[in-house]
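Undergrad: Take this structure first; my questions come after.
The values are calculated or read from the model by the stated rules, or taken from the named source; none is laboratory data. Everything numeric in this text was worked out from a predicted model, so none of it was measured. Reconstructed Cβ throughout: ideal geometry from the backbone, glycine too, with neighbour counts over all protein chains shown. Heads up: the accessible areas ignore ligands, DNA and RNA and are worked out on the full protein's heavy atoms, side chains in. Shrake-Rupley method; radii C 1.70, N 1.55, O 1.52, S 1.80 Å.
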Amino acid sequence: MKVSYRAFGCSEVEVRVIYLLENKLTLPKEELNKNISYAQGRNLFNGKNGELYTFTMDLMGNYQTVVLVGLGKEEELNLDKIRKATAKAIRKAKELKANKVFLRLPVNNKLTVEEMAKNATIAAHLADYTFNKYKTDKEKENDIVVSIGVHGLKEASSEVLEAIEEGNAIGKGIILARDLVNEPANVIYPETLAQAAIDAGKENGFEVEVYGLEKIKELKMEAFYSVAKASEKEPKLIVMRYFGNPEGKGEILGLVGKGLTYDSGGYSLKPTSGMVDMKSDMGGAASVIGAMSIISRQKLKINAVGVIAACENMISGSAYKPGDIIGSMAGKTIEIRNTDAEGRLTLVDAVTYIIEKENASEVIDLATLTGAALVALGDTTTAVVTNNDKFYGELKEVSSYTGEKFWQLPSFDEYKEMVKSEIADLNNSPGRNAGTITAGLFIGEFVKDKPWLHLDIAGTAWADKKTDLTIKGGTGSPVYTLYELVKKKSK
Ligand code: BES
Ligand code: ZN
Ligand code: ZN
């Protein structure tokens, strides 16, 4: 899909989407007003948020289907409503087999044309998204071309055009993350995940270096390697570098993504029900690749490095076992109490690597780390553990704009005690209590004094059912927020 700007009034579209505010239900075109009054008179459409009403009429000499989408009261208008209304309308347009869709944004005094255009563009991409490449009997999908306009704005300003282009880049980045998560583990394994990063780097302009087993051993990444060693598939350390601010070389944002291309649990084996969706255990890695793509596509003035320790957690005679004591790149020893708490082991070596070898001055790690995050916050909110309230404040601020939700969990000293081991420095599984916090704080033991945000996306990277902006499967969350956070820092 591609979204572009279009001056208001084009005649060749098949579906015209008109966003309407509850208190501004009249339009400049009389024939449209008649239809709206009719719908209102029969109580079929009142402009309430979430309402949708469709009719077909002769507009400027052409038959067109008009989809009215309600946004509610003007004073309560926000970007979330624009995104959801757009998604509803695009799905309706697909149902109507439209190829050319025009979105007429509402004239209002709450949101700028630029931010509406950008967010409508993103939502259009997300609502259009499907993953049915493995269905052999599928109907051919209609390829939608979307154009956006606002009444009274005939010539698009360069700001509006840029906003739409930014929306296209963000939409594509989120979809890349979704695709990578939705691909099964027999297709996406460490080597092919690395190839996907290389391809994204070529397309968007960041550098990618991929290290294999030899280098992983040379770097003494024993925690990472212990998880990887039962698999037939060679682990890969994927490093993505983007230096958009060469003068500020001292400031490098490190993005670390959990890259378990499959998590069987290892000898602490998961039940089948817990295993079926574990191709999604590289959701953090997918988000980092998606975010790096947008950051470099948009040429942000910032330095960002992404690191993924990609591997599979499997079973074999050479697997690591509960009770093992292993080392790590940072030199700390770890008692393995549960081989299913593998993500934190791969992550601590990736975090050490990004700080020591890539000189990251701040770190964000993203990981589908604990089922406990789902229990605590459900599938709408990402759990956060941090050592820096200011950094968290920045995240919260941009998230109120992107609509993705985050919530900080406490990191009291008592929790930090729980990750200590009786026989080694740390233990990888202190038990069920406070599971998301202790998993995060385990990683926190390796971030040194760097400002750090740990995002547990176990609940938010995957949707069990269709929602306004997602289908069942990978959501691409929190690519949008990550990009906006980096953009904010680049200013
Ligand atoms: N990948 C899982 C976490 C997960 C669970 C992600 C459900 C998405 C949905 C992780 O590696 C894991 O198995 N964590 C264990 C930790 C426990 C053994 C301390 C868990 O959450 O049960
Ligand atoms: Zn696991
Ligand atoms: Zn896992």
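Undergrad: Determine by what factor the alpha-carbon radius of gyration of segment 195-316 differs from 2.2 N^0.38 Å, reporting the quotient.
TA: Values: Rg = 15.8 Å, N = 122, 2.2 N^0.38 = 13.7 Å.
The value comes to 1.15.
Undergrad: Find which of LEU25, VAL486, VAL351 sits farthest along the positive direction of the dipole of the chain, computed with +1 on the beta-carbon of Lys and Arg, -1 on that of Asp and Glu, about the Cα centre.
TA: LEU25
Undergrad: Then there is this: Work out, step by step, the length gained on full extension between LEU52 and THR26: first 0.36 nm times the residue separation, then minus their alpha carbon distance; give nm to one decimal. Working shown, then result.
TA: Working: separation 26, 0.36 × 26 = 9.36 nm, distance 1.61 nm.
Between LEU52 and THR26, full extension yields 7.8 nm more.
Undergrad: Okay, moving on. Can you send over the carbon and sulfur percentage of the accessible area for segment 71-129, probe radius 1.4 Å, protein chains only? Don't jump to the answer; show the numbers that get you there.
TA: Numbers: 960 of 1980 Å².
Solvent-exposed carbon and sulfur of segment 71-129 make up 48 percent of the total.
Undergrad: Under a Cβ-Cβ cut-off of 12 Å, what is the net charge of the residues other than LYS73 that fall near it, where Lys and Arg count +1 and Asp and Glu count -1?
TA: 0
Undergrad: What value does segment 38-175 have for Rg/Rh, both radii from Cα atoms and Rh as Kirkwood defines it? Please report the intermediate quantities before stating the final value.
TA: On the way: Rg = 15.7 Å, Rh = 16.1 Å.
Reported Rg/Rh (Cα atoms, Kirkwood Rh): 0.98.
Undergrad: Also: By what distance, in whole Å, do the Cα atoms of segment 92-156 stretch along each of the three principal axes, largest value first?
TA: Cα spread of segment 92-156 along its principal axes, largest to smallest: 48, 18, 17 Å.
Undergrad: Then there is this: Let me know the charge dipole size of the chain about its Cα centre in debye, to the nearest 20, where only the beta-carbon of Lys, Arg (+1) and Asp, Glu (-1) is charged. Let's see the in-between values first.
TA: Values: 63 positive and 67 negative charges, 253 e Å.
The calculated dipole for the chain is roughly 1220 debye.
Undergrad: Give me the Å³ per residue figure for the convex hull around the C-alpha atoms of segment 349-441.
TA: Once divided by residue count, the hull of segment 349-441 is 116 Å³.
Undergrad: If Lys and Arg each add +1 and Asp and Glu each add -1, what is the summed charge of the other residues whose beta carbon sits under 11 Å from the beta carbon of GLY47? Numbers along the way, then the final one.
TA: Numbers: positive: LYS24, LYS48, LYS73; negative: GLU22, GLU51, GLU74.
Once positives and negatives cancel, what remains is 0.
Undergrad: Just name one of VAL208, ALA185, ALA196: the one whose Cα is farthest towards the positive end of the charge dipole of segment 153-220 (beta-carbon charges, Lys/Arg +1, Asp/Glu -1).
TA: ALA185
Undergrad: Shifting gears a bit: Determine the principal axes of the Cα atoms in segment 59-138, then give the extent along each, sorted from largest to smallest and rounded to whole angstroms.
TA: 48, 34, 20
Undergrad: Below 17 Å Cα-Cα, how many Lys pairs turn up in segment 216-372? Only count pairs eight or more apart in sequence, or on different chains, if you could.
TA: Lysine pair count for segment 216-372: 22.
Undergrad: Please report the net charge: other residues with Cβ closer than 12 Å to the Cβ of GLU214, K and R +1, D and E -1. Please list the in-between numbers first.
TA: Numbers: positive: LYS215, LYS217, LYS236; negative: GLU218, GLU234.
It works out to a net charge of +1.
Undergrad: Could you tell me how far the Cα centroid of segment 243-302 sits from the Cα centroid of segment 189-228, in Å?
TA: 11 Å
Undergrad: Pop a pseudo-label 7 angstrom from the Cα along the beta-carbon direction at both LYS270 and GLN408 and give the gap in nm to one decimal.
TA: So the two model labels end up 3.1 nm from each other.
Undergrad: Continuing with this model, one more query. Assuming 0.36 nm per residue, please report the length gained on full extension of the stretch GLU232 to ILE198 beyond their Cα-Cα distance.
TA: Values: separation 34, 0.36 × 34 = 12.24 nm, distance 2.21 nm.
Roughly 10.0 nm would be gained on extension.
Undergrad: Right, another one. Express in whole angstrom the spacing between the alpha-carbon centres of segment 398-437 and segment 37-57.
TA: Here the two parts' Cα centres lie 49 Å apart.
Undergrad: Over the chain, what is the relative contact order in whole percent, taking alpha-carbon pairs under 8 Å and six or more residues apart? Don't skip to the answer; put the middle values down first.
TA: Values: 1134 pairs, mean separation 73.2, N = 491.
Value for the chain: 15 percent.
Undergrad: Mind checking the dipole of segment 3-152: about its Cα centre, +1 per Lys or Arg Cβ, -1 per Asp or Glu Cβ, Debye to the nearest 20? Intermediate values should be presented prior to the final figure.
TA: Values: 24 positive and 19 negative charges, 56 e Å.
With only Lys, Arg, Asp and Glu charged at Cβ, the dipole is about 280 debye.
Undergrad: While we're here: Could you check the spin-label model distance between GLU95 and ASN433? Points 7 Å from the Cα along Cα→Cβ, value in nm.
TA: Each label point is offset 7 Å from its Cα along the Cβ direction, giving 5.0 nm.
Undergrad: So how far apart, in nm, are the two label points at LEU161 and SER4 if each is 7 Å from Cα heading toward Cβ?
TA: Inter-label distance under the simple model: 1.1 nm.
Undergrad: Counting Lys and Arg as +1 and Asp and Glu as -1, each charge on the Cβ, what is the dipole of segment 112-154 about the Cα centre in debye, to the nearest 20?
TA: Working: 6 positive and 7 negative charges, 14 e Å.
Using Cβ point charges on Lys, Arg, Asp and Glu, segment 112-154 gives about 60 debye.
Undergrad: So, how do all the Cα-to-Cα distances of segment 171-490 break down into 20 Å bins, in percent, from 0 on up?
TA: P(r) for segment 171-490, in whole percents per bin: 37, 60, 3.
Undergrad: Whole number in Å², please: accessible area per residue of the chain, 1.4 Å probe, ligands, DNA and RNA not counted.
TA: On the way: 20180 Å² over 491 residues.
On a per-residue basis, the chain sits at 41 Å².
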